[in-house]
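The structure appears below as structure tokens.
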Amino acid sequence: MSTHYTKVLPQEILSSRERRAERQMNMLTCDKVSCVISFTLNIAGPVKLNPLIRESFAEGTLEIEGKLKQNGIKVLRKEQRVEKTGCEALFSVAYDAIGIKRMMVEIEEEHPLGRLFDIDVISKEGYPVSRAVLGFPKRRCLVCDRIAHECARAGRHHYELLQRKAGCIMQEYLHSRCGTPKKSKQHIGFEG
């Protein structure tokens, strides 16, 4: 039995990104903080919300909060949204943006779900801190290990292949963590 998940249009995704950028700038201005952490998931295709995505997002949020706490960094404000365009969380912190970016890249590189995590750090000037500033390489494609941005721009892989790969990564991690039964590879929660 197939479960239906809401598909979103490209314009809805673009509008969601624009609203998120406005909220980021609002946090920087109103909270007078050093930086804002913006967390979403890298999910290809028109389905941006299903149970696997929600669970993986919750895991990423806990990981970010844990990393900050471990380093004695207080979250001044947290905003979290779950919409059909996906899950997002914003954290305002009074700490050096470069130091925060280093911690967030560690999560992206070391956590089993890290390849799906999209953790941006916006400096007090309003610009994202790049991985390159810290000497980290660009993120790799889930399918072919080329630079992800180049594959996306060239349309090298159909979004369904990227969804299946992301779904498998989420299922394997959540199964190993929770011991829940694995679902069939054909049903990973992206069917429309």
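Structure above, values below:
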quantity: Selection status of P112, surrounded by fewer than 18 Cβ atoms within 10 Å (Cβ to Cβ) and either at pLDDT 95 or above or in contact with a Leu (Cβ under 6 Å, 6 or more places away or on another chain) (or both); calculated: yes
quantity: Sole exception among (1) in a strand (DSSP E or B); (2) within 13 Å of the chain's Cα centre (by Cα); (3) under 25 Å from Q11 (Cβ atoms) for I53, by number; calculated: (1)
quantity: Residues (under 28 Å from S15 (Cβ atoms), among the aromatic types (F, W, Y) and either part of a strand (DSSP E or B) or in contact (Cβ under 8 Å) with a residue 24 or more places away in the chain (or both)) located in the stretch 73-131; calculated: F91, F117
quantity: Test: residue in the stretch 26-39 that is assigned to a strand (DSSP E or B), out of contact with any Phe, Trp or Tyr (no Cβ under 7 Å at 6 or more places or on another chain) and not hydrophobic (A, V, I, L, M, F, W, C); calculated: yes
quantity: Cross-chain or 6+ apart pairs with Cβ under 8 Å, the stretch 142-170 first and at negative phi, then in a strand (DSSP E or B) and loosely packed, with under 15 Cβ neighbours inside 10 Å; calculated: R146/R140; I147/R140; A148/R140
quantity: Test result for V8, surrounded by 16 or more Cβ atoms within 10 Å (Cβ to Cβ), outside any loop (DSSP other than H, G, I, E, B), touching a residue at least 60 places away in the same chain (Cβ under 8 Å) and hydrophobic (A, V, I, L, M, F, W, C); calculated: no
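The values are calculated or read from the model by the stated rules, or taken from the named source; none is laboratory data. Treat the numbers as computed from the prediction; the structure is a model and nothing was measured. Methodologically, a virtual Cβ is constructed for each residue, glycine included, from the backbone with ideal geometry; neighbour enumeration extends over all protein chains shown.
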